[in-house]
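First comes the structure, then the notes that go with it.
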Amino acid sequence: MARYLILRLLDMVPTLFLVLTLVFVAMRILPGDPALAVLGQNADGGQLEAFRERMGLNDPLWLQYVRFLWDAVRLDFGRSLMTDVPIRTLIANNLPHTVYLTITSVALGMTVGIPLGIYAATQRNKWPDNALRLYSLIGYSVPDFYLAAILLVVFSLQLGWFPINGAGVGFWGGLHHILLPAITLAFLKSAFMGRLTRTSLLEVMGRDYVRTARAKGAREGRVIFRHSLRNALLPLSTGLGLSILATLSGSVAVELVFNRPGIGRLLITAIQERDYPVIQAGVMMFAFFVILVNLFMDLVYIIVDPRIRVKS
Amino acid sequence: MITRRTLLGTAVAASAAGLFAPRLRAAIPDTLRFASAAGGPRRLDPNQTTQGSDNWAVVQVFEYLARPPDGNFGITPNDFEPWLAESWTTSDDAKTWVFTLRRGVQFHRGYGEMTAADVVRTFVRARDEGVNTANYSNLAEIIESGPYEVTIRLHNPDPMFLSSTVTARHVMVISKKAEEDLGEAFLTEAVGTGPYELERFDTERGIFLRRHVDYWGEPAIISNIECLYIADTTARTLALMSGDVDMAEGVRQPGWVPQIQNQKPDLLFDMTVPGSFNTLFFNMEKDPLQNILVRKAIMHGINKQEIVDALQPMSRMVYTLNPPNYPTGFALEDLPEDLRYEYDPDEAKKMLADAGFANGLTIQVNTSQREDYSTQHLIIQEQLRQIGVNIDLTIMDHSAYHATNRQNLNTLNINSSSLPPVPLYVFNDYAVSTANMTADGKGGANYSHYGVAMPGVDNLLAEMLQSTTFDDYVAKGREVELQIQRDLPMGGLPTLSYLVVRNPRIDLGYEVQGGYAYWRFCKAKIVA
């Protein structure tokens, strides 16, 4: 197990290297000039040149690339071109908010979605099953930013139950501020997990060992939770991984609409302003999370499915 | 008997009631909250700010030597009132300016009294180290001629020195000692003399200010100012509608103001006139825009009144490069008839035919996705279609748009810029040959290549810069304006006011009519 973990961690290195290279190249190909973004469109040529020189943007690309990689290895992403704040500080200020939002919304999505899926599977082709289908359809169809705006209008503007923006201060303030954004992101997750749970469970419930359990007189609850659900967990773990990744990407729009601090909002602002060091660090953070979530899911598979454990 | 289940249930219900009960969104007492359309604050040092939104905090914390009336620009030298300087004199050649400083002005956070040394340092750093040193290149010497007196010598005469330099934000007076003490931290913790001082600079949330208790003038009425940053339009609008913020930057696109008025009729709209200049540049290095008949045809094909109507109530008519209420701007009736370029599609078609384009022509144009740019370009595209000019429009993100403009990749680009009534600024930025835009991105904002692709106004401008009186300066500036109108390397499009929506509970204490895209809150009071 330890050897497997070490090998998987080593696997991360080339992937991260590739991501770093891609983001570096993409930033330089995209039209846009950080000097213009900082100094404004009326800045004269001399001012723009002085800025580019000071920030090392006039250095040969290979030199910028080597410097960037060397800094990344030391986890030193430099300073923001726009604010001059160390990027480590920016990430430290924003990352906890994104992680908190991701965990809360995934937890909410699972808490609502899995029981709904179980209930729908046990009520196949009856109204609860049809209701879940409709719920899933809406969940898949409504974009995060649109749902966010609707929730804001209804629950914050009209009813005044939730704050309009920000992340709040303290535990209760944080909880109060995170509920609407988390519900926004959890809506799709619950629809997805509900549908996935239903499908997986129905598939397992048609197997011989479930029929045998029923024939032996096992109670329905035991059949579902002990014999069926445990065996349906593998696809559900895949779903969980996908859910976490979808939440990370969805957090970009949600953080903007709710004006919450977070890596997504930081990244979008940086892209608009062509703040290369922040973009590079932000994308790397996202890539790192994707790899980490995948690794986590692989470990979950090993725990959930003994066959994989034997093979590994 | 209270069971464990009852206790738990009651606790959950109470928490939920507290959490979900309709919250009276009472504004924070004695605090004005302003939301600007940006991701987060960058800097507070007035000489280093590069983001317009940060100026909302800057203008509360720092002050000029002299200042125009609240809510407006100063147009003539007589429009300025003494502020950190009690008085000033100027030499006959308008090259030497002597400022006598007010005594007893205290800097924030215990940095002591303002003296001539602080003012000298302020002007020197604007000239030598700031983000806009070019605007201060006329400063030859800045001398501490007494503990409370500063003498400034210029390379060239400048009868508009108060508006061109003294009231530009880079020379808002800073504490020399604080700059030395704080080092790099001065960028975000800068120390000034204004009615508000910095309480907290939070890169994620905004800039928080509190009343400066040792302020030399009338103390600010409201105790705290929160300059918040809400980039997303929906979030900002909702924050305003709910009363979460008192003032918010508006959206300059058709229909936005009426829509907000419909939903909340009591909201107030503050607008600067003229606000942003919108200028249409003809890239004279691109076919067929070298041909003046084509340029004239395009100007005749644009119905400016239609643009003004579409962008009401923010838009105002412009006939030359500068708007009519600026010193060198022209009203329609003051212009010679052949330089008015009034909407006349038949005349436009005739000119195109004379230029060899009787069957029309197609021009590739890039525009920004930002609403003020894209709206105008889309309207112009539709209007020019009527005269046979097909605009093949590519909409791109704002940063990419300006970058491609600077790389000589655009043909009919619009530039929007908020400029004070100093003719030199707009001429220097857009019309002189030294600002010529070059494909390597190292040039300036003269996107037309005026003065390079064809003779320009460099000589007329040089004459204007030798003027020693305001009247002479303006007269020569108007000649420059007319010459640009004759050559037509660029044309003025309707201006677009900077727009702020205000909760009626806030009374600013004055009316916003013009000025930069930020204003002071020290006279504001909470009236409800």
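None of the figures in this text is laboratory data; all of them are computed from the coordinates on show. Nothing here was measured: the structure is a model prediction, and the numbers come from that model. FYI the Cβ positions are ideal-geometry reconstructions off the backbone, even for glycines, and counts take in every protein chain you see.
Loop only per DSSP, at most 10 neighbouring Cβ atoms within 10 Å: give me the trypsin sites (Lys or Arg not before Pro) in region A:35-124, ordered by residue number. The qualifying sites are A:74. The chymotrypsin sites (Phe, Trp or Tyr not before Pro) of region B:248-344 include none that meets both criteria, a DSSP state outside H, G, I, E and B (loop) and at most 11 other C-beta atoms within 10 angstrom of the site's C-beta.
Relative contact order, whole percent, for region A:87-311 stands at 28, derived from Cα pairs under 8 Å and 6 or more residues apart. In terms of Cα to Cα distance under 27 Å, which lysines are near enough to residue A:216, apart from those fewer than 8 places away along the same chain? Partners within reach: A:126. Using the Cβ-Cβ distance between residue B:331 and residue A:92 with R0 = 60 Å, the FRET efficiency computed as 1/(1 + (r/R0)^6) comes to roughly 0.60. Counting Cβ atoms of other protein chains within 10 Å of each Cβ in B:396-409 and taking the mean gives 5. Mean partner shielding of peptide B:193-204, defined as the number of other chain Cβ atoms within 10 Å of each residue Cβ, is 2. Across all directions, the average flat footprint of the convex hull enclosing the Cα atoms of the protein assembly as shown is 44.0 nm². Name the shape class, rounded, prolate or oblate, that the alpha-carbon gyration tensor gives for region A:17-73, where a ≥ b ≥ c are the square roots of its eigenvalues, rounded holds for a/c under 1.5, and otherwise prolate holds if a/b is larger than b/c and oblate otherwise. Prolate, since a/c reaches 1.5 and a/b exceeds b/c. What nm value, rounded to one decimal, do you get for the distance between residue B:305 and residue A:272 when each label is placed 7 Å out toward the C-beta? Taking the simple label geometry, residue B:305 and residue A:272 are separated by 3.6 nm.
One decimal place: the segment residue B:185-residue B:417 gains 80.5 nm when fully extended, by the rule 0.36 nm per residue minus the C-alpha distance. Checking every one of the trypsin sites (Lys or Arg not before Pro) in region A:139-245 against DSSP loop status and a limit of 12 other Cβ atoms within 10 Å picks out A:216, A:219. The magnitude of the dipole of region A:17-73, with charges of +1 and -1 set on the Cβ of Lys/Arg and Asp/Glu and taken from the Cα centre, is near 160 debye. Once you have a ≥ b ≥ c as the square roots of the Cα gyration tensor eigenvalues for chain B, tell me rounded if a/c is under 1.5, and otherwise prolate or oblate according to whether a/b is larger than b/c. Because a/c hits 1.5 or more and a/b fails to exceed b/c, chain B counts as oblate. Rounded to the nearest angstrom and listed largest first, the equivalent-ellipsoid semi-axes of region A:87-311 from its Cα gyration tensor are 36, 22, 13. Remark: region B:291-425 carries a charge dipole of roughly 380 debye about the Cα centre, counting +1 on each Lys and Arg Cβ and -1 on each Asp and Glu Cβ. Fully extending the segment from residue A:12 to residue A:123, taken as 0.36 nm per residue of separation minus the present Cα-Cα distance, adds 35.6 nm.
For chain B, adding -39500 (n - 2.57) for each run of n ≥ 4 DSSP H residues and dividing by the number of residues yields -8500 deg cm²/dmol at 222 nm. Close amide-amide hydrogen proximity is noted between residue A:162 and A:156, each under 5 Å apart and 5 or more residues distant or on a separate chain (H modeled in the peptide plane; Pro and chain starts excluded). Go through B:207, A:242, B:39 and say which Cα lies farthest out towards the positive end of the charge dipole of the protein assembly as shown; charges sit on Cβ, +1 for Lys and Arg, -1 for Asp and Glu. The residue sitting farthest along the positive end of the dipole is A:242.
Pairs to check: B:286/B:349; B:176/B:442; B:304/B:523; B:176/B:476; B:95/B:176; B:349/B:442. Give those whose C-alpha atoms are more than 28 Å from each other in this structure. Violating the 28 Å limit, Cα to Cα: B:176/B:442; B:304/B:523; B:176/B:476; B:349/B:442. Round to the nearest 0.05 the FRET efficiency obtained for residue B:109 and residue A:65 when R0 = 56 Å and r is the Cβ-Cβ distance. According to the calculation, E is roughly 0.80. Against chain A, whose longest principal axis comes from its Cα atoms, helix A:2-29 is set at around 50 degrees. Put simply, when B:161-167, A:281-287 are sorted by average Cβ atoms within 10 angstrom per residue, most first, you get B:161-167, A:281-287.
Which shape class, rounded, prolate or oblate, goes with region B:459-524 when its Cα gyration tensor gives a ≥ b ≥ c as root eigenvalues, a/c under 1.5 marks rounded, and past that a/b bigger than b/c marks prolate? Mind dumping the intermediate values first?
Working: a/c = 4.83, a/b = 2.09, b/c = 2.31.
The shape class here is oblate.
Just to verify a number: FRET efficiency for residue B:505 and residue A:54, C-beta to C-beta distance, R0 = 60 Å, to 0.05? Each step should come with its number before you reach the end.
Numbers: r = 45 Å, r/R0 = 0.75.
The pair residue B:505/residue A:54 has a calculated efficiency of 0.85.
Size descriptors for region B:63-177, from the alpha-carbon set: Rg then Dmax equal 13.2, 40 Å. Out of B:364, B:348, B:421, whose Cα points farthest toward the positive end of the dipole of region B:345-439 (charges: +1 Lys, Arg; -1 Asp, Glu; placed on Cβ)? Value computed over the given set: B:364.
Every helix of 4 or more DSSP H residues in chain A counts as -39500 (n - 2.57), and over all residues that averages to -25000 deg cm²/dmol at 222 nm. The string of couplings for region B:178-184 from the Karplus curve (6.51, -1.76, 1.60, θ = phi - 60°) is 5, 4, 5, 5, 8, x, 4 Hz, one whole number per residue in order, with x for Gly and Pro.
In percent, rounded to a whole number, the relative contact order of chain B is 20, using alpha-carbon pairs under 8 Å and six or more apart. Simple point charges give the picture: +1 on the Cβ of Lys and Arg, -1 on the Cβ of Asp and Glu, and for chain A a dipole about the Cα centre of about 1980 debye. Think of the protein assembly as shown as a dipole: +1 on every Lys or Arg Cβ, -1 on every Asp or Glu Cβ, centred on the Cα centre; then among A:40, A:278, B:145, A:278 lies furthest on the positive end. Could you compute the net charge surrounding residue B:310? Neighbours are other residues with a C-beta less than 15 Å from the C-beta of residue B:310; K and R count +1, D and E count -1. Local net charge: -2. Peptide A:166-173 shows a mean partner chain C-beta count of 2 within 10 Å per residue C-beta.
Over all other residues within a Cβ to Cβ distance under 15 Å of residue B:71, the charged ones net out to -2, with Lys and Arg as +1 and Asp and Glu as -1.
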